[in-house]
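Contents: one structure, followed by commentary.
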Protein chains: 2
Amino acid sequence: MARVVVDVMPKRAILDPQGRAVAGALERLGFGGISDVRQGKRFELEVDGELTEERLAELRRAAETLLANTVIEDFTVRVEHVTTQA
Amino acid sequence: MARVVVDVMPKRAILDPQGRAVAGALERLGFGGISDVRQGKRFELEVDGELTEERLAELRRAAETLLANTVIEDFTVRVEHVTTQA
């Protein structure tokens, strides 16, 4: 069993209106000194069985196919922790 | 200058319909062996100046105030990287 995290963020070159809105709101609430905010999605996948390289490659394909719109978003896949069967 | 990441996830006890929908879609697309999916938000904050403990405490307050709905969401704040002025 493992927890794999997929982070999906807007590509740097793409305008991020959500991030801009959050940055403006932080400023208005008095949280200064934050020059930029980008907002994306975080997925936590609980993966059964052993986490082999093939499994990770499959999860990357799943992220590419469903979790990210690769035209406007970048994604990263990383293993957060692995629980070994007792 | 530093990049601080705020991850906001639904509390474990809270039903996560988005996560359920993603899990179902992954299954239908043939990506099996994923027992649970949780979907949350990821914020990347570009913070000016030096990242002191006070600054980090302020960013936690910002996350608590604006970025997370602490009734139904948990959040974590971590420093991704620090760029020291040359």
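The values are calculated or read from the model by the stated rules, or taken from the named source; none is laboratory data. Keep in mind that this is a model prediction, so the values were computed, not measured. Cβ atoms come from the backbone with ideal geometry, glycine included; neighbour counts cover every protein chain shown. Side chains included, ligands, DNA and RNA excluded: accessible areas come from the protein's heavy atoms. Shrake-Rupley method; radii C 1.70, N 1.55, O 1.52, S 1.80 Å.
Checked against the criterion of being of a type outside the set (Lys, Arg), touching a Pro at 6+ places or on another chain (Cβ under 6 Å) and surrounded by 14 or more Cβ atoms within 10 Å (Cβ to Cβ), the candidates A:7, A:16 yield just one match: A:16. Scanning the stretch B:53-79 for residues that are open to solvent by less than 50 Å² (accessible area, probe 1.4 Å) and either closer than 21 Å to residue A:8 by Cα or within 11 Å of chain A (Cβ to nearest Cβ) (or both) returns B:55, B:58, B:59, B:62, B:63, B:67, B:68, B:73, B:77. For the stretch B:24-33, the condition of being open to solvent by 40 Å² or more (accessible area, probe 1.4 Å), free of Cβ contacts under 8 Å to residues at least 24 places away in the same chain, within 11 Å of chain A (Cβ to nearest Cβ) and of a type in the set (Gly, Ala, Ser) holds for at least one residue.
Meeting the requirement of 2 or more residues that are more than 16 Å from the chain's Cα centre (by Cα) and more than 23 Å from residue B:26 (Cα to Cα), the strands (runs of 3 or more DSSP E) wholly within chain A are A:34-47. Answer yes or no as to whether residue A:49 is surrounded by fewer than 16 Cβ atoms within 10 Å (Cβ to Cβ), in contact (Cβ under 8 Å) with a residue 12 or more places away in the chain, more than 17 Å from residue B:41 (Cα to Cα) and not β-branched (Val, Ile, Thr). Yes: the conditions hold for residue A:49.
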